[in-house]
Amino acid sequence: MFPRRGGSGSQGSDRFEYLQALVTEFQDTDSQEAKEQVLANLANFSYDPANYEHLRRLQVPDLFLDMLTEDQENLVEYGMGGLCNLCLDKVNKAYILQNRGVELVTGCLSSPREETVLSAITALMYLVTPAARSQITAPPVVECMVRFSLSENKRLSNLAEVFLQDYCSPEQLERARSLQEHSALGIPLPRD
């Protein structure tokens, strides 16, 4: 629950101030562990639609997008998780799509972290619009999903199979599967 101040201000104001304090802490701290903890908290708060407007005002979608290219895997994982949570909102989705979101999320498909890859696949599904569909179902992405669908990791294979069934045409699947037989894709499977 968000802290309340002696009856002054609304819960929305308290919520904004609390989220603002988290963002400020993330920006000001030199501690890697503190950054990770704050980013994980922001990702969790991104699940609640009541926080969407506050998070936009605080530019948290940009923060999450920036984290997708970090070298530190925990920051990438939490940034990807937060972005995945934000994708459910139409305003957030449009913003993410306008700011290289598909490209950045697709880059996370090659993460060695299972949770990062699962969040990336889920986010790609949430980001599908008529305008973004061709980029999200581009041949390299479909080929990657075919490879993931063959994984022994059931979470990964099941989610990839949902992506393939729900967002790809039979022609895209056929092409990707025929390429799969003739080439080794350079995208490693995530570690468990």
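Assorted remarks:
- Gain upon complete extension [Leu150, Glu171; 0.36 nm per residue less C-alpha separation]: 5.7 nm
- Proximal charge balance of His54 [Cβ under 15 Å; K/R count +1, D/E count -1]: -3
- Extent of the range 43-180 along its three principal axes (Cα atoms, max minus min coordinate, largest first): 46, 31, 22 Å.
- Distance (nanometres) between label positions extended 7 Å along Cα→Cβ at Arg57 and Arg133: 3.7
- Nitroxide proxy distance, nm - points 7 Å out along Cα→Cβ at Glu36 and Asn158: 2.8
- At R0 = 35 Å, FRET efficiency that the Cβ-Cβ distance of Thr24 and Glu103 yields, to 0.05: 0.75
- Under a Gaussian network description of the chain, with springs only between Cα atoms under 10 Å, the residue in Gly82, Gly12, Gly107 that fluctuates furthest is Gly12.
- Cα pair distances of the range 108-149 binned at 5 Å [whole percent]: 5, 24, 30, 28, 10, 3, 0
- Note on Ala50/Ala94: beta-carbon distance plugged into 1/(1 + (r/R0)^6) with R0 of 22 Å gives a FRET efficiency of 0.65.
- If only the Cβ of Lys and Arg carry +1 and only the Cβ of Asp and Glu carry -1, the dipole of the range 136-179 around its Cα centre is close to 140 debye.
- Most mobile of Pro139, Pro130, Pro61 in a GNM of the chain (Cα contacts under 10 Å): Pro130
- Length gained when the stretch Glu70-Leu179 is fully extended (0.36 nm per residue, less Cα-Cα span): 36.1 nm
Read-outs throughout are calculated quantities, based only on the coordinates presented, and are distinct from any laboratory measurement. From a predicted model like this one, the values you see are computed outputs, not experimental measurements. Ideal geometry is used to build each Cβ from the backbone, glycine not excepted, and the neighbour counts take in all protein chains shown.
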